[in-house]
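Shown next, in C-alpha cells, is the structure this report addresses.
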Amino acid sequence: MSKLQKFNQILFAILGAGLILIIGITLFVVAKDFFSDWNRTNHAPLSNQEVKELVKDNRFKQTISYDSGYWAWTDTVTNSDGTKKTITSPYYIIPVSQSTLEKEHKLRKDKVIGYMDLENRSNYNDYSSYKYNNILIYNASNNSVKKIFDHRLFIPTIEVYKNQTEHFLFLETQGLSQTTDNKTDAVPTDFYVYKFANQELIKLNMPEMNFMDFITDLNLPFFLIHGKIDFDKNGTIDEHDPYRLFSWDLDTLEIKPFLSDAITDDLQRTLEGRNLTE
C-alpha cells in the first residue's frame with residue numbers, strides 16, 4: 001500500500017469520526033431540548049395549593065391551550081329510495097387543555113393580551129396536555145359557544161355515545177389535590193353526562209368501581225358497566241377483587257346491579273360446592 005493510500009485512509013477515518021461526533025452532538029442537543037420542553041409540560045392543571053399561592057401574588061403559571069376540536073358525531077341515514085346520506089351534528093367539541101409557561105407571569109390589567117403580561121412575555125411550549133381542564137361546545141346552528149364546567153378539574157375521558165336516536169357526551173373527571181409536591185394528585189373520579197338535546201349536564205350516581213368498561217351495544221335497552229368492586233371492603237380495589245355488571249338506564253340515568261343478588265348468591269353457592277351431595 002502506497003503512502004498516498006495510507007494517507008487517504010487516515011484522512012477518511014478522521015473525517016468519518018468527526019462526522020459521527022457532529023451527528024452525535026446534534027442528536028444529543030435535539031433530544032435534550034425536546035425532553036426539556038416535554039418535562040415543562042404539566043399533563044394536568046396545577047394543584048389547588050399551587051394556584052392559591054400564585055393568585056395571592058396576582059401571578060399565573062399556566063395558560064389555556066385549545067385543541068383543534070371535532071364534530072360530536074356523524075350519522076349515516078338511508079333515504080326512502082335506498083340511497084344513503086351523511087348527517088353531521090351541529091355540535092363541535094373543543095377540549096381545553098393547558099401549557100405550562102417557562103416562568104411565572106404577573107397579571108397586569110393595564111397591559112394584557114390574553115392574560116399575557118406584555119413586559120414579561122416568555123416563550124412557552126405548544127405540547128398539548130393529555131388531560132383537559134374544560135370543554136367548550138360550539139353550536140353551529142345558532143353560532144353559540146357553551147362552557148361545560150365552572151370548577152377546577154381535569155378530564156381524562158371524553159366520549160360521545162348514542163342511545164337510539166339521542167346522542168350524549170360521557171365525561172370522566174377528577175378533582176385536584178389541596179397539596180402539592182411538584183405534581184397534581186388526583187382525587188376521586190366523577191362521571192357526567194351532557195345531553196345535547198337539552199344542553200343539560202348531569203352528574204351520575206356511580207357505584208364505587210375501578211377498571212371499568214362501558215358496553216354500549218345499541219341492541220341492548222340499556223348500557224352495561226363492567227368494573228371491579230371492593231369486595232373485601234379493605235378500602236382498595238385491587239387484583240383480588242371481582243368484577244360486577246351494572247345496568248345504566250339511559251332515560252332515568254339510574255345505575256343498579258344488572259344481575260340480581262339471588263342470581264349472584266346462587267352462583268356463589270355453586271362455586272363453593274354448597275349443593276354437593278357427596
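A few comments on the model shown:
- Added length on full extension, which subtracts the Cα-Cα distance from 0.36 nm per residue, residue 252 to residue 152: 33.3 nm
- Derived scalar couplings between HN and Hα for region 254-261 equal 6, 10, 8, x, 6, 9, 5, 4 Hz in order, rounded to whole Hz, by the Karplus curve 6.51 cos²θ - 1.76 cosθ + 1.60 (θ = phi - 60°), x for Gly and Pro.
- Ranked 81, 67, 241, criterion: other C-beta atoms within 10 Å, fewest first: 81, 67, 241
- Dipole magnitude (debye, nearest 20) for region 205-278, charges at Cβ of Lys, Arg, Asp, Glu: 60
- Maximal additional length on extending the residue 214-residue 84 stretch stands at 43.9 nm, based on 0.36 nm per residue less the C-alpha distance.
- Sequence-distant contacts, meaning Cα pairs under 8 Å at least 6 residues apart, place the relative contact order of region 205-278 at 22 percent.
- Under the simplified labelling scheme, the residue 136-residue 226 pair shows an inter-label distance of 3.8 nm, with each label point 7 Å from Cα along Cα→Cβ.
- Evaluating kT/(6 pi eta Rh) at 25 °C and 0.890 mPa s, with the Kirkwood radius of region 205-278 over Cα pairs in the Stokes-Einstein relation, gives 176 µm² s⁻¹.
- Ascending count of other beta-carbon atoms within 10 Å, so fewest first, for 99, 144, 65: 144, 99, 65
- Label-point separation, residue 23 to residue 76 (7 Å along Cα→Cβ), nm: 4.7
- In this entry, region 187-231 is assigned a mean projected area of 4.5 nm², taken as a quarter of its C-alpha convex hull surface.
- Amide H contacts under 5 Å for residue 98, placed H, 5+ residues apart: 65, 129
- The simple Förster model, with R0 at 45 Å and r as the Cβ-Cβ distance, assigns residue 259 and residue 201 a FRET efficiency of 0.90.
- Cβ crowding within 10 Å, taken as a proxy for footprinting-reagent exposure, orders 218, 245 from fewest neighbours to most as 218, 245.
- Sparsely packed trypsin sites (Lys or Arg not before Pro) within region 233-278, loop by DSSP, other Cβ within 10 Å at most 12: 233, 274
- Around the amide H of residue 223, modelled in the peptide plane, lie the amide H atoms of 248, 250, all under 5 Å away and 5 or more residues distant in sequence or on another chain.
Since every read-out is calculated from the coordinates, none of them should be taken as a lab result. Not measured: the values here are computed from a predicted model. So basically every Cβ, Gly included, is an ideal-geometry build from the backbone, and we count neighbours across all protein chains shown.
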